[in-house]
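Read through the structure below, which is laid out as structure tokens, and then see the notes.
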Amino acid sequence: MHRLLQRQLKRYLGDIDPNSHQWQNLQWQNFLNAVDDAYCQYENDHYMIERSLELSSEELLQTNNQLRDLLKTVEAQVTQRTAELTEANIELERTLIDLKKAQTNLIQAEKMSSLGQLVAGIAHEINNPVNFIHGNLAYLRRYMNDLMALIEVSLEYQPKLTEIMADKLDEEVDLEFVQTDLPKLIKSMEVGTNRIRDIVLSLRNFSHMDQADLKLINIHQGLDDTLLILAHRLKLKSNGCEIKIIKEYSDLPLINCYGGQLNQVFINILANSIDAIEESIQQTEALHPSCPRNQSFIKIKTELIDPDWIAIKISDNGFGIPESIQAQIFDPFFTTKPVGKGTGMGMAISYQIIVERHQGDLQFTSIPRQGTEFLIKIPVNCAKSK
């Protein structure tokens with residue numbers, strides 16, 4: 001008999017003699033057996049439930065551990081994948097920047113190569129006839145002097161010939177005027193040919209912009225060559241006034257640099273200054289036609305910062321750069337000019353030439369409607385700065 005059943009019988013019926021009539025009763029015995037079976041079945045079920053719960057708890061714990069391990073694995077994979085994606089994005093951005101730089105450099109190289117060939121050809125074609133004229137002017141002056149001397153001697157020592165020549169001179173030739181004006185004419189021709197030769201020399205300098213070698217360069221000569229190339233633009237089309245060039249050159253040593261590329265920076269900045277001045281004048285005339293105009297100017301100042309660095313400041317009193325676009329000035333292909341007037345690469349290329357090629361610095365300050373100043377800093381010896 002189950003122990004729990006025995007305990008309950010003893011609690012409610014007391015000690016029962018198994019041999020008593022009541023205990024031997026068949027119905028009573030069947031009842032007790034059924035209750036005993038129920039207790040046994042309950043105990044077995046209870047044991048099975050506990051065991052099942054125990055096994056379920058173990059399975060849940062094991063499953064939780066597996067899920068925790070899986071979660072850690074997934075988190076590690078996600079972290080790794082995120083790092084890989086981040087690195088890939090950084091690499092893509094770096095590649096995009098490199099592609100933009102390569103595209104800019106390719107266009108620049110092609111442009112400079114074509115420009116160099118064109119300018120070199122033009123300079124050569126101009127130089128030949130100019131040298132021919134300039135070289136013959138000395139002979140012309142000598143021949144003129146000889147002829148004038150011969151005429152004077154003839155007039156003095158040949159009376160009959162003098163009368164014929166005097167009649168001829170009185171009728172057709174103003175000898176006194178020719179004697180006075182002819183030397184002036186030859187002198188003006190010499191000045192003109194010298195001017196053309198200077199322009200040709202500047203064109204020749206610019207025809208070698210694509211040279212990649214470091215050379216000792218006179219910065220002031222490069223600035224003057226650039227101004228000579230842009231001389232036709234210094235006379236403004238809008239009002240016929242001329243932009244005043246203010247030079248404040250300091251004593252500078254020869255600079256070991258890429259001279260042609262620096263000239264390109266100068267021409268980009270100076271051309272933008274001229275555009276800004278023209279825009280400022282046009283807007284002023286449109287808004288205030290009767291207002292007196294200030295003298296337009298471009299100021300170029302050079303100085304030796306220390307034995308290893310020089311500074312070049314180029315400032316103007318033009319329209320200035322709007323604050324909304326100042327952060328984009330050195331971006332490739334950014335431009336405020338209309339289609340057909342520039343590619344938008346000028347300042348981006350200038351920044352690359354100064355900062356990347358020469359390990360220098362290019363900055364600017366601009367006040368809208370008042371003017372802009374560009375500050376260029378480059379080392380005296382570019383090779384040492386690498």
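Can you check what the net charge comes to around residue 298, using other residues whose Cβ is under 9 Å from the Cβ of residue 298 (Lys, Arg +1; Asp, Glu -1)? Summing Lys and Arg as +1 and Asp and Glu as -1 gives +1.
Across region 373-383, rounded Karplus estimates of 3J(HN,Hα) from the backbone phi angles (6.51 cos²θ - 1.76 cosθ + 1.60, θ = phi - 60°) give 10, 9, 10, 10, 10, 9, x, 5, 10, 4, 4 Hz, Gly and Pro being marked x. Taking a sphere under 14 Å around the Cβ of residue 65 and counting the other residues whose Cβ falls inside, with K and R at +1 and D and E at -1, yields a net charge of -1.
A cut-off of 5 Å between modelled amide H atoms, ignoring neighbours fewer than 5 places along the same chain, links residue 217 with 255, 256, 257. When each of the peptides 58-66, 374-382 is scored by the mean number of other C-beta atoms lying within 10 Å of its residues, the order from highest to lowest reads 374-382, 58-66.
3J(HN,Hα) couplings calculated from phi for region 262-271 with the Karplus curve 6.51 cos²θ - 1.76 cosθ + 1.60 (θ = phi - 60°) are, in sequence order, 5, 4, 5, 4, 4, 5, 5, 5, 5, 5 Hz; Gly and Pro show x.
Using a 10 Å cut-off on Cβ atoms, rank the peptides 282-288, 294-300 from the highest mean neighbour count down.
294-300, 282-288
The amide H of residue 380, built 1.01 Å from its N in the peptide plane, has 309, 310 as neighbours under 5 Å, considering only residues 5 or more places off or on other chains.
Read-outs: derived from the displayed coordinates by stated rules, not from any lab. What you see is a predicted model, and the numbers here were worked out from it, not measured in a lab. Methodologically, a virtual Cβ is constructed for each residue, glycine included, from the backbone with ideal geometry; neighbour enumeration extends over all protein chains shown.
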